[in-house]
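Notes follow once the structure below has been shown.
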């Protein structure tokens, strides 16, 4: 049986797919950075976004992903070794395959990666002592690679009755279709001997990621997602009746409450006695059997809460002609949530209105009360304009809006 590899995605090993052997310096954040990905349907684009943002794939050149490009076996060996988190000995200079040479100017770089995927049981090459590094990766080979990487055994699987698939690959293709790693073409055929395009490589490796469960759980990421919340991500589900997550800022314990996700692969820590301040934090997973865990800590650096925007949220651009007009606003922080800054931290200046007060609701919405009636003589309903300018005194973020004064005393 082929070896179970340790992880479908060691995403911390950021890398990129490439047109030759070069790796891109900076991975774009989304599919929208590439001209040939803009027209993907929403579901497919979401998969590309997940893999691109994680640094798994990049374009073949500026603004071009190479959606319909093919990849040779040497390039795929490197990609496979990285996405499955295989141990790679970069000092290797001699290969077990006769046609893989360290001094090969085109594919020599891939020698240690080829040896890694061989050691993991993902491939033994195309023939005895032959890897064919310049050869293309076919669809049926891709199916086999992914299933071996997932540790799936095709024994007992009834192979497909598809003439487009080689006999050796029929079981692999059947299981790949069953697990929804890959699909048949529009003609109902798999097309096993056709070369796999980068589009298929991204989608199928994304699908494989969703199925993979490493033998031991690891904390893969921790990050602040709110001014009082931290998100912790694991690479597999855990027994949440036993698992304990703790948080420290430097060497100081930080009190939190923990809410696990339904799939038991992530949790939200809510700080109960403080908020997230600038500094270095460590999350630790404990409470599980030692044999069930691998990496038990994750570190992250947080920043103080920052006000990013102040927005008027009134549905209308007209305010009431009244001594008590309520205007709603939302102040958003860097996490996209309603900011925690107090109502007293905002200053308001107006024209054709008197500022009365600023209040903050429990959900963080700001309520500003204005008097547009004033002395009953200054403003003309239906004609006068009310200008409102709001400034956060600490963060120096402003918002301004002009309202038309309504004909009748309604609340906007």
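Taken together, the values in this text are just the output of simple stated rules run on the coordinates, not laboratory data. The model shown is predicted, which means the values in this text are computed figures rather than measured ones. We place every Cβ from the backbone using ideal geometry, glycine too, and count neighbours over all the protein chains shown.
Using a cutoff of 8 angstrom between alpha carbon atoms and counting only pairs six or more residues apart, the relative contact order for region 219-302 works out to 35 percent.
Working from label points 7 Å from Cα in the Cα-to-Cβ sense, the residue 342 to residue 168 distance is 7.4 nm. The alpha carbon centroids of region 246-282 and region 295-332 are separated by 24 Å. Relative contact order, whole percent, for region 166-291 stands at 20, derived from Cα pairs under 8 Å and 6 or more residues apart. Scoring 222-229, 146-153, 76-83 by mean Cβ neighbours within 10 Å over their residues and listing the highest first yields 76-83, 146-153, 222-229. Mean separation of Cα pairs under 8 Å and 6 or more residues apart, divided by the residue count, gives the chain a relative contact order of 11 percent.
Annotation: the residues 197, 271, 211, sorted from fewest to most other C-beta atoms within 10 Å of their own C-beta, follow the order 211, 197, 271.
With helices as the sole contributors, the chain gives -5000 deg cm²/dmol at 222 nm; each DSSP H run of n ≥ 4 counts as -39500 (n - 2.57), and the sum is divided by every residue.
Spin-label pair residue 104-residue 253: with each label point 7 Å from Cα along the Cα-Cβ axis, the two points sit 5.7 nm from one another.
Springs between Cα atoms under 10 Å define the GNM used for the chain, and in it the highest mean-square fluctuation of 143, 169, 320 occurs at 320. The modelled label-to-label distance for the pair residue 62/residue 398, using points 7 Å beyond Cα in the direction of Cβ, is 3.6 nm.
Computed over the chain with a Gaussian network model linking Cα atoms closer than 10 Å, the most mobile of 203, 173, 319 is 319. Once the Cα atoms of helix 139-149 and of the chain are each reduced to a long axis, what angle between those two axes, in degrees from 0 to 90 to the nearest 10, is obtained? Computed tilt is about 80 degrees.
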